[in-house]
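Report on the following structure.
Every number in this text was worked out from the coordinates using simple rules, so none of it is lab data. Just so you know, these numbers come straight off a predicted model, no measurement behind them. Cβ sites come from the backbone with ideal geometry, for glycine too, and all protein chains shown count toward neighbours.
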Amino acid sequence: MSDYVIYYGTFVHSLSLSELDIISQGVLVIDNKKGTIVHLERNVNDFEDFLFSHQSWGENAKIHKLGPEQFLIPGFVDTHAHAPQYMFAGSGMDLQLLEWLDTYVFPCESDFKDTDHAARAYEAVVRRFIKNGTTTCSWFATIHVESCKRLVDILHQLGQRAYVGKVNMDQNAPDYYIEKTEDSIRDTEAFIQYVQAQQGLVTPVITPRFAITCSSKLLNALGELADRYQVPIQSHLCENPDEISFTCSLFKDSKDYTSVYDDHGLLTERSYMAHCVHMTDDEIDLLIRKRVGISHCANSNFSLHSGICDVRRMLERGVDKLGLGTDVAGGFQPSMLDAIRSSFFASKTCKILARDRDGNKDYAPLSPAELLYLATMGGARVLGLEETIGNFQVGKAFDALWVDLEGGSVDLMGGETILQKVQKFLFNGSSENLKHVYVQGKRIAGADKDSY
Ligand code: GUN
Ligand code: FE
């Protein structure tokens with residue numbers, strides 16, 4: 001194994017929401033053992049000269065030169081997906097949230113008591129996500145601790161960076177898919193210990209399904225576990241009007257839905273919440289104050305007709321931890337390219353509503369550069385991984401996609417700028433355009449069938 005891997009070509013990554021950095025004639029040097037970026041340079045006209053003058057890298061490096069229709073971007077970060085629900089992804093989209101959970105989700109998830117069934121499904125879904133360029137994913141599993149462990153094992157084998165949550169639910173759930181409070185707490189702790197005992201790229205995450213299916217006692221205990229083990233917390237928040245009114249009727253002592261989580265110690269700087277479609281200004285401000293991240297799940301919000309999350313409003317109010325989620329299978333596509341496109345449409349819908357309903361012509365929809373940020377660096381921030389992944393800053397892990405626009409579903413017609421090529425990939429590209437997918441410097445997938 002060579003000590004270093006050196007890439008030479010075009011790299012595109014986000015420095016911030018508004019700054020897309022396009023690096024031409026770039027050199028990226030990766031420490032092959034650690035899988036981290038040790039050097040990034042732009043405008044290197046003479047690559048041979050670069051190698052000559054950096055012999056300590058060049059002499060024991062594997063060299064990859066990217067072609068003119070190729071570029072590297074950071075791997076995609078999916079901040080919210082349900083691994084078991086991939087079973088029925090692309091079907092069962094006729095209902096809204098609470099009926100959909102009863103009709104499709106709970107029967108499907110209860111089958112994951114069978115660990116062999118779970119392992120088969122989990123291998124398929126993780127493979128699919130990786131193939132589509134999701135190098136980091138925050139997963140909901142099910143209530144079954146042994147099956148959750150199988151998901152963790154599969155993630156280790158397949159090489160995806162991941163957060164995994166054993167789902168908690170001890171009330172308002174069918175009798176075939178519910179846990180006793182004490183069992184739920186005990187199994188969650190056992191799961192955290194199982195994951196933390198391993199050296200790897202998987203992190204356990206406390207995962208109350210949502211307030212409706214969790215008693216006060218359970219929510220408090222989960223907050224304590226998150227604190228004791230210093231682990232992240234994920235859940236659903238303000239997704240659907242019926243869900244919100246049911247939640248508020250269950251937790252009458254709390255001011256609003258967001259406060260229910262806060263009142264149980266579940267809003268920390270390591271927490272992130274999916275959807276946040278129907279939020280008052282006070283609720284958004286509470287998330288900002290507590291440094292809670294938001295996972296924007298646009299496909300799901302359309303598919304379950306939950307509503308349209310106004311991301312621009314969140315950003316302008318001061319939310320600075322916001323990423324995208326596929327929410328498979330409330331969202332039907334296991335791909336962050338789709339999350340980008342769905343978020344684009346959601347944002348354009350906000351623009352149309354602002355114009356037609358409010359007479360506001362100034363509303364700024366999300367730009368492609370902002371969408372790419374949200375799908376990479378934004379997601380990294382939501383998961384507290386901003387020092388580890390999200391762009392090509394020196395010191396970070398090399399989690400990346402080698403995009404190749406030749407072949408596949410994109411046609412280059414000649415004369416496109418690099419920015420246009422990136423946009424063509426975001427809007428017309430597919431897994432066929434991902435020649436290589438890397439996590440922590442290691443190639444874990446890619447459309448290029450040739451050996452690497
Ligand atoms: N709220 C509680 N559970 C779920 C779920 O599985 N999917 C979605 N979209 N929302 C939820
Ligand atoms: Fe969800």
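Under a cut-off of 30 Å between alpha-carbon atoms, report the lysines in cross-link reach of K348, not counting same-chain residues fewer than 8 places apart.
Straight-distance partners of K348: K131, K290, K321, K361, K421, K424.
Counting other C-beta atoms within 10 Å, and keeping those with at most 10, which DSSP coil chymotrypsin sites (Phe, Trp or Tyr not before Pro) do you find in region 207-303?
none
Quick one: Cα centre-to-centre distance for region 49-109 and region 249-308, in angstrom?
25 Å
How much mean residue ellipticity at 222 nm does the chain get from its helices, if each DSSP H run of length 4 or more adds -39500 (n - 2.57) and you divide by all residues, to the nearest 500 deg cm²/dmol?
-10500 deg cm²/dmol
What net charge is computed for the residues neighbouring E224, neighbours being all others with C-beta under 12 Å from the C-beta of E224, Lys and Arg scored +1, Asp and Glu -1?
Result for the neighbourhood of E224: 0.
Using only the Cα atoms of region 99-236, each taken as one equal point scatterer with no solvent, compute I(q) by the Debye sum, divide by I(0), and report log10 of the ratio at q = 0.11, 0.13, 0.15 Å⁻¹.
Scattering profile of region 99-236, log10 relative to I(0): -0.37, -0.52, -0.70.
Q196: net charge of surrounding residues, Cβ under 14 Å, Lys/Arg +1, Asp/Glu -1, itself excluded?
Around Q196, the surrounding residues sum to +2.
Putting +1 on Lys and Arg Cβ atoms and -1 on Asp and Glu Cβ atoms, find which of F129, L72, H54 reaches farthest to the positive end of the dipole of region 1-160.
Value: H54.
Which trypsin sites (Lys or Arg not before Pro) in region 201-293 pass both tests, a DSSP loop state and at most 10 other beta-carbon atoms within 10 Å?
Working: sites: R209, K217, R228, K252, K255, R270, R289, K290, R291; in loops: R209, K252, K255, R270, K290, R291.
Filter output for region 201-293: K252.
May I ask you to evaluate 6.51 cos²θ - 1.76 cosθ + 1.60, the Karplus curve with θ = phi - 60°, for each residue of region 16-25 and list the ³J(HN,Hα) values in order in whole Hz, giving x for glycine and proline?
Per-residue couplings from phi come out as 7, 3, 9, 10, 9, 9, 9, 10, 9, 6 Hz.
Would you pull out the residues with amide H under 5 Å of V328's amide H, same chain only if 5 or more places away, H placed 1.01 Å from N?
The answer is H82.
Expressed as an acute angle from 0 to 90° and rounded to the nearest 10, what is the orientation of the C-alpha long axis of helix 241-250 relative to the principal long axis of the chain?
In the chain, helix 241-250 runs at an angle near 50 degrees to the longest axis.
Mind pulling the angle between the C-alpha long axis of helix 145-158 and the longest principal axis of the chain? Nearest 10 degrees, somewhere in 0 to 90.
10 degrees
For the chain, give the magnitude of the charge dipole about the Cα centre (Cβ charges: +1 Lys/Arg, -1 Asp/Glu; no others), in debye to the nearest 20.
In total the dipole reaches around 500 debye.
Could you tell me how many degrees, from 0 to 90 and to the nearest 10, lie between the Cα long axis of helix 181-196 and the main elongation axis, the longest principal axis, of the Cα atoms of the chain?
10 degrees
Please report the net charge: other residues with Cβ closer than 10 Å to the Cβ of R186, K and R +1, D and E -1.
-4
So what J values fall out for region 81-95 if you push phi through Karplus, 6.51 cos²θ - 1.76 cosθ + 1.60 with θ = phi - 60°, rounded to Hz, Gly and Pro as x?
Computed from phi, the couplings for region 81-95 are 8, 10, 4, x, 6, 4, 3, 10, 4, x, 9, x, 9, 8, 10 Hz.
Taking one equal scatterer on every alpha-carbon of the chain, how large is log10 of I(q)/I(0) by Debye at q = 0.12, 0.13 1/Å?
At q = 0.12, 0.13 Å⁻¹ the computed log10 ratios are -0.98, -1.14.
Within 10 Å of each candidate Cβ there may be at most 14 other Cβ atoms; applying that plus a DSSP loop requirement, which trypsin sites (Lys or Arg not before Pro) in region 346-425 survive?
Numbers: sites: K348, K351, R355, R357, K361, R381, K396, K421, K424; in loops: K361, K396.
For trypsin sites (Lys or Arg not before Pro) across region 346-425 that sit outside H, G, I, E and B with at most 14 neighbouring Cβ atoms in 10 Å, the list reads K361.
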